[in-house]
Amino acid sequence: MKTYLLEEMTWTEIREAVEQGADTVIICAASVEQHGPALPENTDTILGYAEASDLAKRLGNALAAPVIRPGLSAHHMCFPGSVTLRPEVFEMVVEDYVQSYVQHGFRRIVLISSHGGNFRALEEIAGRLCEKYPEACIVTGCSLDELDASLAEMEQAEGLREGTCGGHACDWETSVMMYLDEPFVRKDRLQTGYVGPLTGELLARFFKEGVESVSPIGVMGDPVNADRERGKRYFYHLQDMQEKAVRDHIRRWEAQKCAQKK
């Protein structure tokens, strides 16, 4: 069975793949952090592998790197088990990944995140790495704002009340986990967390004072009625959005390079 995961391949298989045209690598940054009473600490890692593998398949001539974790999770440290990296350490890890794959002949590097706390950092890091490795196309996927807007759209499409898909251990994340790896979900421990609008003020408190300041159980949303089939719809809807964002970013990079050569 074909795998898109570099860590499941031998070095000769990777060399052959590059020689046959695999010029793109997907690097997903995840986390090791609390996900409420019902989801495991490796939730974002499980999601990250699934997202990176599916995106590699969609793009063609692409492979997926080992998922980076832990990530930037300072706002989850009030809960036992969460692990966070310092921002400068996170950036060094991402750069070492990029440098390694550029050295191995990958021309396009796609940085995505399965954890909300990594999104903006990856965008900033990608900008700096573009200057340091001008020969490589280094792009990110969709933004955190685009993800939040998409969750709101899916809420409406599924007939759910506002805030059900709050973005963390919510109906969306729990349903997707049921679709990808259902035994990890402790269904008897599903509890409603913060349900309401994600205002700028609330999100600022979320990141500055920690998740516990908004939701004492660490859940943003309501996973109580999470559903496997809905999780499948969520997953592929977001992957459609991710694919479009990555393709658009690659096209812009290539157009910019063409313009510079003229």
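The values are calculated or read from the model by the stated rules, or taken from the named source; none is laboratory data. Note that the structure is predicted; figures quoted are calculated from it, not measured. FYI the Cβ positions are ideal-geometry reconstructions off the backbone, even for glycines, and counts take in every protein chain you see. The protein model used for the area step is the full one, side chains on, heavy atoms only, and it has no ligands, DNA or RNA in it. Shrake-Rupley method; radii C 1.70, N 1.55, O 1.52, S 1.80 Å.
Obtain the nm distance between the two label points defined at C130 and E158 by a simple spin-label model: each point lies 7 Å from its Cα along the Cα-to-C-beta direction.
3.3
Among T174, T12, T192, which one shows the highest mean-square fluctuation when the chain is modelled as a Gaussian network with alpha-carbon springs under 10 Å?
Checking each option, the largest mean-square fluctuation is seen for T12.
So what is the accessible area of the chain per residue, in Å², with the probe set to 1.4 Å? Numbers along the way, then the final one.
Details: 12580 Å² over 262 residues.
Here the per-residue accessible area is 48 Å².
Which residue, chosen from A245, G163, Y179, occupies the Cα position most advanced towards the positive end of the dipole of the chain, where the dipole is computed from +1 (Lys, Arg) and -1 (Asp, Glu) charges on Cβ about the Cα centre?
The Cα lying farthest towards the positive end belongs to A245.
Name the aspartates and glutamates eligible as straight-distance cross-link partners of K2: C-alpha to C-alpha under 19 Å, and not fewer than 8 places from it in the same chain.
Within reach: E13, E16, E19, D23, E51, D54.
Count charges around F184 for me, please; just the other residues with Cβ under 15 Å from its Cβ, Lys/Arg as +1, Asp/Glu as -1. Don't jump to the answer; show the numbers that get you there.
Values: positive: R186, K187, R189, R228; negative: E33, E41, D44, E173, D181, E182, D188.
With Lys, Arg at +1 and Asp, Glu at -1, the net is -3.
Not counting ligands, DNA or RNA, and with a 1.4 Å probe, what is D145's accessible surface area in Å² rounded to the nearest 10?
Using a 1.4 Å probe on the heavy atoms, I get roughly 100 Å².
DSSP loop (so not H, G, I, E, B), at most 16 other Cβ within 10 Å: list which GluC sites (Glu not before Pro) in the range 132-218 pass both filters. Working shown, then result.
Values: sites: E135, E146, E153, E155, E158, E162, E173, E201, E209, E212; in loops: E135, E158, E162.
Filter output for the range 132-218: E135, E158, E162.
Report the net charge of residues surrounding A56, where surrounding means a beta-carbon distance below 14 angstrom and charges are Lys +1, Arg +1, Asp -1, Glu -1.
Values: positive: K2, K57, R58, R108, R247; negative: E7, E8, D23, E51, D54, E243.
So the environment of A56 carries a net charge of -1.
For every other residue with a beta carbon closer than 10 angstrom to the beta carbon of S113, add +1 if it is Lys or Arg and -1 if Asp or Glu, then tell me the sum. Please list the in-between numbers first.
Numbers: positive: R120; negative: D44, E51, E123.
Counting the neighbours of S113, the net charge comes to -2.
Sort the following peptides by mean Cβ neighbour count (other Cβ atoms within 10 Å, averaged over residues), highest first: 84-90, 39-45.
Values: 84-90: 15.0, 39-45: 23.3.
Sorting 84-90, 39-45 by mean packing, highest first, produces 39-45, 84-90.
Measuring from centroid to centroid over Cα atoms, what is the spacing of the range 87-140 and the range 11-40 in Å?
If you average the Cα positions of each part, the centres end up 13 Å apart.
Using packing as a proxy for protection, rank 253-260, 14-21, 106-113, 123-130 so that the peptide with the highest average count of other Cβ atoms within 10 Å comes first.
Details: 253-260: 10.8, 14-21: 13.0, 106-113: 24.2, 123-130: 16.4.
For the peptides 253-260, 14-21, 106-113, 123-130, the packing ranking is 106-113, 123-130, 14-21, 253-260.
Keeping the other protein chains in place, figure out the carbon and sulfur percent of the accessible area of the range 110-232, with a 1.4 Å probe. Before the final figure, lay out the partial values.
On the way: 2660 of 5700 Å².
The computed percentage sits at 47.
For Rg and Dmax of the Cα atoms in Å, one of (i) 22.4, 84; (ii) 17.8, 50; (iii) 18.4, 62 was computed from the structure I shared and the rest are decoys. Which label?
Of the listed options (i) 22.4, 84; (ii) 17.8, 50; (iii) 18.4, 62, (iii) comes from this structure.
Using label points projected 7 Å from each Cα along Cα→Cβ, tell me how many nm separate K2 and C258, to one decimal.
For K2 paired with C258, the spin-label model returns 2.7 nm.
So what is the 222 nm mean residue ellipticity for the chain from helices alone, if each DSSP H run of at least 4 adds -39500 (n - 2.57) and you divide by all residues, rounding to the nearest 500 deg cm²/dmol?
Details: 8 runs with 126 residues, N = 262.
Dividing the helical sum by the residues of the chain leaves -16000 deg cm²/dmol.
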